[in-house]
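Have a look at the structure below, then the notes.
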Amino acid sequence: MTVFERTHAIFDDEDVLRDDYQPERIEERDEELEEYKAYFQPVINGKQPRNIFLYGKTGVGKTVATKYLLSHLERDAERYDDLDVTTVYLNCEHLTSSYRVAVNLVNELREEGEEISTTGYPRDAVYDMLWTELETVGGTILVVLDEIDYIGDDDSLLYQIPRARSNENLHEAKVGIIGISNDFKFREQLDPRVEDTLCEREIHFPPYDGNELRNILEKRSALAFEDGVLSEDVVPLCSALAAQDRGSARQALDLLFEAGDLARRNGDESVTEHHVRNARARLEKRQIEESMKDLTSHDHLTLYTITALTVFGEEMPVRRQTIYDRYEDVAMSTDHDPLAMRSLHAHLSDLVMLGILERHERNEGRSGGAYYEYELGVDLDAVVTTLDGLAITGNLDTDRLRATAVRQGLIDSS
DNA sequence: TATCCACTGGAATATGTGGTCG
DNA sequence: CGACCACATATTCCAGTGGATA
């Protein structure tokens, strides 16, 4: 009997498919890079840097292009003795105010161990610290604020930075902001004065089409996979699926990686269309589960309530009052104080925004009035799996939930 | 066409948490 | 310690809303 068997290596270097991989060459973005490069020219000439605003959906090369150009810029600037270029990269994900972004910038610029805490200081004190740090660094400083739309409508920092010199907050340092956003509407919600300065140069990154994605995937897969393990139709399929959806290279690369990973785990010799299709389903499910994990406890209770209503035979979709009645019981049985109706309503709206719930508007006029009806907007299996892993549902019977759902054919029994 | 139902959702305000500073 | 700060969440209050019906 054979105990050990040689497995087939699928990947040569899987890191090439990862999010943080920085390719030697950026594919399919020649025009954008050309434009982008031109906007950096003043920096090399020793002038005040321009503020630049990049926008485009996720996975269309904004961040990769930025990191690529900035690393070249820093390197090329070293050839000039009178030039001192520093870049600071900050991802603003979850930083929902100017204050938080400022705190994170200060910490980014400070030595390890010298960081400040995220609350407690007056706003102006943090801004002063920021000016001090920027002055200490001096020279030309390019601040990249990725996913800047998280900052919402509190844009005072974006107003202050470009004006720091004329307000005598900065003397030595020349600061330029590079704002990156997924959401073009963000621009419109800015204060007009901020929009003027921040968006003085802007570049749009369009989604990739199928052919572009195919080229990108071919270049990457040549490095990532062992020779000959990809069957012919894998790259075209990943490209086509991603192109149909959002035109995101990120998505196409994730799909390719996941397909390879599945093949590896199954001990298969090659990656086939079949793996890609499975990978897609797995990624979708995982994405739903991820999005549900960072919700608040009352979001989870709300979600549990609706799931329970779905599984235990309530007529779907359900109205708010029905949800609320059940929710009160659920909250009590898990040692939570039930929230007021208005708050539950807010949680329902949040879940709708996240696509986890669906909401239908109904209006029965004088006799019935206007109201919403809610139901789950995502795969029931994914919801039950997530709820099962949560601490708050400890004394709720998620096993019975799943068993009942399976019995009713709402979930596959696998 | 005015009415009226059963909500919705904005705004002001309150509460609780985790922090600085003198 | 007490005064103060930022922020996430809740609560309270209530002016709309849109369409079936009298």
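The values are calculated or read from the model by the stated rules, or taken from the named source; none is laboratory data. Bear in mind the structure is a predicted one, so any value in this text is a computation, not a measurement. Here the Cβ positions follow ideal geometry from the backbone for every residue, glycine too, while neighbour counts run over all protein chains shown.
Filtering the range A:150-161 to residues that are farther than 16 Å from A:ASP196 by Cα and crowded, with 19+ Cβ neighbours inside 10 Å leaves A:TYR150, A:ILE151.
Here is the figure for the range A:306-316: residues that are in contact with a Leu (Cβ under 9 Å, 6 or more places away or on another chain) and crowded, with 16+ Cβ neighbours inside 10 Å total 5.
Scanning the range A:67-82 for residues that are surrounded by 14 or more Cβ atoms within 10 Å (Cβ to Cβ) and within 16 Å of DNA strand C (Cβ to nearest atom) turns up nothing. Between A:VAL88, A:VAL101, A:VAL144, the distinction of being within 13 Å of DNA strand C (Cβ to nearest atom), within 22 Å of the chain's Cα centre (by Cα), under 19 Å from A:LEU70 (Cβ atoms) and of a type in the set (A, V, I, L, M) belongs to A:VAL101 only.
Given the condition within 21 Å of A:LEU95 (Cα to Cα), more than 12 Å from DNA strand C (Cβ to nearest atom) and in contact with a helix residue (DSSP H, G or I) (Cβ under 8 Å, 6 or more places away or on another chain), answer yes or no: does some residue in the range A:162-170 qualify? Within the range A:162-170, one or more residues are within 21 Å of A:LEU95 (Cα to Cα), more than 12 Å from DNA strand C (Cβ to nearest atom) and in contact with a helix residue (DSSP H, G or I) (Cβ under 8 Å, 6 or more places away or on another chain). When the residues of the range A:362-388 are filtered to those that are more than 8 Å from DNA strand B (Cβ to nearest atom) and free of Cβ contacts under 8 Å to residues at least 40 places away in the same chain, the one that is nearest to A:VAL318 (Cα to Cα) is A:ARG362. Note on the range A:342-373: residues that are within 15 Å of A:HIS298 (Cβ to Cβ) and either more than 16 Å from DNA strand C (Cβ to nearest atom) or in a strand (DSSP E or B) (or both) total 1. Restricting attention to the range A:36-88, the residues that are in contact with a helix residue (DSSP H, G or I) (Cβ under 8 Å, 6 or more places away or on another chain), closer than 15 Å to A:GLY139 by Cα, outside any helix (DSSP H, G or I) and of a type outside the set (Lys, Arg) add up to 9. Against the test of being farther than 30 Å from A:GLU226 by Cα, in a loop (DSSP other than H, G, I, E, B) and modelled with pLDDT under 95, the options A:THR96, A:THR2 yield a single qualifying residue, A:THR96. The set of residues from the range A:316-341 being within 12 Å of DNA strand C (Cβ to nearest atom) and more than 16 Å from A:THR296 (Cα to Cα) comprises A:TYR324, A:GLU328, A:MET341. Just one of (1) in contact with a Gly (Cβ under 8 Å, 6 or more places away or on another chain); (2) at pLDDT 95 or above; (3) over 22 Å from A:GLY56 (Cβ atoms) fails for A:SER270. It is (2).
Restricting attention to the range A:268-294, which residues are outside any helix (DSSP H, G or I) and either over 21 Å from the mean Cα position of the chain (by Cα) or in contact (Cβ under 8 Å) with a residue 24 or more places away in the chain (or both)?
Residues satisfying the conditions are A:ASP268, A:GLU269, A:SER270, A:VAL271, A:THR272.
Taken over the range A:162-213, residues that are touching a Lys or Arg at 6+ places or on another chain (Cβ under 8 Å), basic (Lys, Arg) and surrounded by fewer than 20 Cβ atoms within 10 Å (Cβ to Cβ) amount to 2.
Look at the range A:331-352: where a residue is more than 9 Å from DNA strand B (Cβ to nearest atom) and a partner is among the aliphatic types (A, V, I, L, M) and not in a helix (DSSP H, G or I), sitting 6+ places away or on another chain with Cβ atoms under 6 Å, you get A:LEU351/A:LEU357.
Residue by residue, here is whether (1) surrounded by fewer than 19 Cβ atoms within 10 Å (Cβ to Cβ); (2) touching a Leu at 6+ places or on another chain (Cβ under 7 Å); (3) at pLDDT 95 or above; (4) not small (Gly, Ala, Ser) holds:
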site: A:ASP233; (1), (2), (3), (4): yes, no, no, yes
site: A:CYS238; (1), (2), (3), (4): no, yes, yes, yes
site: A:ALA243; (1), (2), (3), (4): no, yes, yes, no
site: A:ARG264; (1), (2), (3), (4): yes, no, no, yes
site: A:VAL276; (1), (2), (3), (4): no, yes, yes, yes
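Pick from the range A:278-299 the residues that are within 16 Å of DNA strand C (Cβ to nearest atom) and surrounded by fewer than 21 Cβ atoms within 10 Å (Cβ to Cβ): which of them is nearest to A:GLU361 (Cα to Cα)? Per the criteria, the residue is A:ASP299.
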